[in-house]
Amino acid sequence: YGGTVNVAAYWINPAANDINKIMPGDLRGENANGDLRKLSSYGMAAVELTGASGELLQVAPGKKATITMPMASSISANAPASIPLWYFNEETGIWQEQGSAVRQGNTYVGDVTHFSFWNCDTEESMIEFNCTVQYPNGNPVNHALVKISAVNDPTVAGWGYTNAQGYVSGIVPSNRVLRLDIIGDASCGYTPIYTETFTAANSNVSLPLITINAVGGMATVSGTI
């Protein structure tokens, strides 16, 4: 291609409170060995190249481009000297390991062969987690945001919403001390209304029934369409 190349790029802060709403996927990744792993992000970016007429462009076969990914100051203390690079596979919904990046100050720098969503992540083994949330009268808590994070490591976190039965499930890292936060109305802030700490070993975790008194900013609406 010869001509003007337009670059659209957006950095995604993995330490943002609303990261679950702005990132693709759920931080599951397939590593170079084909193993499914839980990822901990130190920075993501979306990059798209277009030509003068708006046509999509890609790096030429056999060529590479260098990307520099900024790092959030709140997680830089735990950032390793080198880290795998992962791109988001839009067909599978899974991050795919491809290449690596090295730390230079508070950035990661690495070479890529194409552009899409890119992610700097460490990996670890994972297990399945689930819990059910109810009110004191036994009714299920529907659509409450449940956040699971590693104690003392904000880069390790996952989110999910309870369904109509108050049930939520997903993957969490194994061999970690984890914190569960239930957040009623995330649009009004991320202050939890319930917090619990538990240990995840090498087997799946199913927490005992959780009872909470109220979920701020939420109401039950019923009707017929």
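Here is how the numbers come out for the structure above:
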| quantity | calculated |
| --- | --- |
| Residues of region 24-57 satisfying the condition of being free of Cβ contacts under 8 Å to residues at least 40 places away in the same chain and touching a Phe, Trp or Tyr at 6+ places or on another chain (Cβ under 9 Å) | E55 |
| Where E91 falls short, out of the listed (1) more than 15 Å from S41 (Cα to Cα); (2) in a strand (DSSP E or B); (3) free of Cβ contacts under 8 Å to residues at least 40 places away in the same chain | (2) |
| Any strands (runs of 3 or more DSSP E) falling wholly within region 123-213 and containing at least 1 residues that are in contact (Cβ under 8 Å) with a residue 24 or more places away in the chain, open to solvent by 20 Å² or more (accessible area, probe 1.4 Å) and in contact with a helix residue (DSSP H, G or I) (Cβ under 7 Å, 6 or more places away or on another chain) | 153-161 |
| Test result for S76, part of a helix (DSSP H, G or I) and at pLDDT below 95 | yes |
| Residues that are modelled with pLDDT of 80 or more and over 16 Å from N137 (Cα atoms), drawn from region 208-220 | P208 |
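Here is a yes/no grid of residues against (1) outside any strand (DSSP E or B); (2) open to solvent by 30 Å² or more (accessible area, probe 1.4 Å); (3) more than 13 Å from F117 (Cα to Cα); (4) among the charged types (D, E, K, R):
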position: A15; (1), (2), (3), (4): yes, yes, yes, no
position: K38; (1), (2), (3), (4): no, no, yes, yes
position: M44; (1), (2), (3), (4): no, no, no, no
position: G54; (1), (2), (3), (4): yes, yes, yes, no
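The values are calculated or read from the model by the stated rules, or taken from the named source; none is laboratory data. Worth saying up front: this structure is predicted, and the values here are computed from it rather than measured. Every residue, glycine as well, gets a Cβ built from its backbone with ideal geometry; the counts of neighbours run over all protein chains shown. These accessible areas exclude ligands, DNA and RNA; they are computed on the full protein's heavy atoms, side chains included. Shrake-Rupley method; radii C 1.70, N 1.55, O 1.52, S 1.80 Å.
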